[in-house]
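The block underneath contains the structure these notes are about, expressed in C-alpha cells.
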Amino acid sequence: MSRSIILLAACLALAACSDPPELPLRVGVNPWLGYDPLVLARERGLTDPADLRIVELESSSESARQLRNGLLEAAGLTLAEAIELAGSGVDIKVVAILSLSKGADAVVAKPGFASAAALKGARIGMENSALADVMLQRLLEAGGLQRDAVSLFRLPLVEHEVALTRGRVDAVITFEPVVSSLVAAGYRVLLDSADMPGEVVDVLVIRSDALGARPAQVRALLRAFEDGRLALVAQPQEAARTLAAGTDLDTVSYLRALENVRMLTLEDSKVLLDAVPDADMLALGQLVADLKASQRVMAEPDWTKLFDGHVAADVLAARPRP
C-alpha cells in the first residue's frame with residue numbers, strides 16, 4: 001500500500017471520529033414589536049448565522065409548540081406563555097426580560113361598545129394563548145361579566161383586523177401593530193396593558209438542555225438582542241424603516257406604536273432576574289392568579305428554577321470596560 005493511500009485512509013478516519021459541526025441556535029419569534037431588536041440585529045448583520053437562526057413564525061403559540069417539540073431551542077414568549085409551558089412539564093429557563101408592554105396589547109372593539117360591560121353577548125376574537133386568556137380574564141372582571149357572557153373565536157393575529165372590520169367579531173384581544181391600525185380606523189380601545197402593569201412582559205426562553213449544551217450560542221443570543229436594541233435607540237428612523245416593512249404601518253406609525261413598549265437593557269434584565277420572585281416590576285402573583293382563573297395553569301411555578309440570570313451575568317462580565 002502506498003504512503004499516499006495510507007495518509008488518505010488516516011485522514012478519513014480522523015474526519016469520521018471528529019465531532020459534527022454545531023448547528024445554529026434556532027430562535028422563534030412572532031410578529032411583535034418587542035422582538036424586533038432580534039430581527040434588526042439579523043438584518044444589520046449583527047448576528048453570526050453560524051450561531052443564531054431567527055425563525056419568524058405566525059404566532060407565539062406556534063413558537064411555544066415548536067419549543068415544546070424540540071424544533072426550536074429558544075423563543076421570544078410572553079411571561080404568561082413561559083409559565084404555562086413550564087407548568088406543562090417543559091424544562092425551560094427564562095434567561096432575559098426583554099420588554100414591558102404599556103399599552104401595546106389591547107382589547108379593541110367596534111365604536112358602539114363604550115365599555116367592557118357593554119360586551120355582554122358580544123363576539124370576541126383572540127389568539128389561543130395564555131396572554132390572550134389573561135387579558136380576557138381582566139376584561140371580564142372590568143365589565144363584571146362571566147366567561148359565558150361572551151362568545152369566543154380563536155383567531156391568529158393575521159386575522160384580527162379583517163375579522164373586526166368585516167363584522168365577524170365585535171372586539172379583538174390583540175397587539176401592535178394591529179392595535180394602531182384599528183385605532184386609526186376609528187375602533188375603540190376598552191382595556192390595554194397599561195391597565196395591567198407587570199403582567200404583559202416579554203422574555204427570552206431557552207430549553208434547559210440547549211442552555212447546558214450550547215452556552216456560547218445562548219450568550220450570542222442575548223448579545224444580539226442588546227445590539228439590536230442599541231441600534232434601534234441610536235437610529236430609530238432608519239431602524240423603523242427597516243422594521244415597519246414587515247407590518248402595515250408606516251415609519252411614523254411604527255415609532256408611535258413603539259412608544260407603548262418599554263425595551264429593557266441587559267443590565268435592567270439582570271436586575272429583574274436576580275430580584276425574582278420579589279421584582280416589583282413583575283406582577284407575578286397577579287399573573288398566576290389570572291392564569292389559574294382562566295385554567296391555563298394549576299399551580300405557581302418554582303420561580304427560582306424558571307428564571308436564570310447566569311447567562312446575562314456572563315455577557316455583562318465579558319463586556320469591555322469603557
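Can you name every residue in segment 249-266 that is part of a helix (DSSP H, G or I) and among the basic types (Lys, Arg)? Talk me through it step by step, then tell me what you get.
First, the residues of segment 249-266 that are part of a helix (DSSP H, G or I): 251-258, 266.
Answer for segment 249-266, where residues must be part of a helix (DSSP H, G or I) and among the basic types (Lys, Arg): just Arg256.
With respect to being assigned to a loop (DSSP other than H, G, I, E, B), small (Gly, Ala, Ser) and under 30 Å from Leu155 (Cβ atoms), Gly34 falls outside the description.
For segment 163-179, the tally of residues that are open to solvent by 20 Å² or more (accessible area, probe 1.4 Å) and in contact (Cβ under 8 Å) with a residue 12 or more places away in the chain stands at 4. When Leu230, Leu316, Leu287, Leu258 are checked against the criterion of being hydrophobic (A, V, I, L, M, F, W, C), surrounded by fewer than 22 Cβ atoms within 10 Å (Cβ to Cβ) and out of contact with any Lys or Arg (no Cβ under 9 Å at 6 or more places or on another chain), Leu230 stands alone in meeting it.
The one condition from (1) of a type outside the set (Ser, Thr, Tyr); (2) more than 27 Å from Ala220 (Cα to Cα); (3) surrounded by fewer than 23 Cβ atoms within 10 Å (Cβ to Cβ) that Ala130 does not meet is (3).
Across segment 180-211, the qualifying residues are those that are more than 22 Å from Arg65 (Cβ to Cβ) and open to solvent by less than 10 Å² (accessible area, probe 1.4 Å), and the one among them that is farthest from the chain's Cα centre (by Cα) is Leu182. When Gly246 is tested against (1) part of a helix (DSSP H, G or I); (2) surrounded by fewer than 22 Cβ atoms within 10 Å (Cβ to Cβ); (3) within 21 Å of the chain's Cα centre (by Cα); (4) among the small types (Gly, Ala, Ser), only condition (1) is not met. Screening segment 61-91 for residues that are outside any helix (DSSP H, G or I), in contact (Cβ under 8 Å) with a residue 40 or more places away in the chain and open to solvent by 10 Å² or more (accessible area, probe 1.4 Å) and picking the one that is farthest from Leu182 (Cα to Cα) gives Asp91.
Please verify whether Ala299 is open to solvent by less than 10 Å² (accessible area, probe 1.4 Å) and either over 16 Å from Gly87 (Cβ atoms) or outside any helix (DSSP H, G or I) (or both), treating the condition exactly as stated. Before you say what the answer is, go through the steps one by one.
Working: open to solvent by less than 10 Å² (accessible area, probe 1.4 Å): no; either over 16 Å from Gly87 (Cβ atoms) or outside any helix (DSSP H, G or I) (or both): yes.
Spelling it out, it is not the case that Ala299 is open to solvent by less than 10 Å² (accessible area, probe 1.4 Å) and either over 16 Å from Gly87 (Cβ atoms) or outside any helix (DSSP H, G or I) (or both).
In segment 92-106, the residues that are farther than 30 Å from Val183 by Cβ and open to solvent by 10 Å² or more (accessible area, probe 1.4 Å) form Cβ pairs under 6 Å with partners that are modelled with pLDDT of 95 or more and not in a loop (DSSP other than H, G, I, E, B), at six or more places apart or across chains, as follows: Lys93/Ile206; Lys93/Ser208; Lys93/Leu211. How many residues does segment 187-237 hold that are over 22 Å from Phe175 (Cα atoms) and either among the polar types (S, T, N, Q) or modelled with pLDDT under 95 (or both)? Residues that pass the stated criteria total 3.
Per the conditions (1) touching a strand residue (DSSP E or B) at 6+ places or on another chain (Cβ under 7 Å); (2) more than 20 Å from Leu258 (Cα to Cα), the sole criterion not satisfied by Asp148 is (1). Of the residues making up segment 119-138, those that are under 24 Å from the mean Cα position of the chain (by Cα), charged (D, E, K, R) and not in a loop (DSSP other than H, G, I, E, B) are Asp133, Arg138.
Taking into account only those residues within segment 153-162 that are surrounded by fewer than 22 Cβ atoms within 10 Å (Cβ to Cβ) and among the aliphatic types (A, V, I, L, M), which is nearest to the chain's Cα centre (by Cα)? Working first, answer last.
Going residue by residue through segment 153-162, those that are surrounded by fewer than 22 Cβ atoms within 10 Å (Cβ to Cβ) are 153-154, 156, 158-159, 161-162.
Checking which are among the aliphatic types (A, V, I, L, M) leaves us with 158, 162.
On the way: Val158: 16, Val162: 23 Å.
The extreme case among them is Val158.
The values are calculated or read from the model by the stated rules, or taken from the named source; none is laboratory data. No experiment lies behind these values; they were computed from the predicted model shown. Every residue, glycine among them, receives a Cβ derived from its backbone with ideal geometry; neighbour counts consider all protein chains shown. Side chains are part of the model used for accessible areas, which takes the heavy atoms of the whole protein and leaves out ligands, DNA and RNA. Shrake-Rupley method; radii C 1.70, N 1.55, O 1.52, S 1.80 Å.
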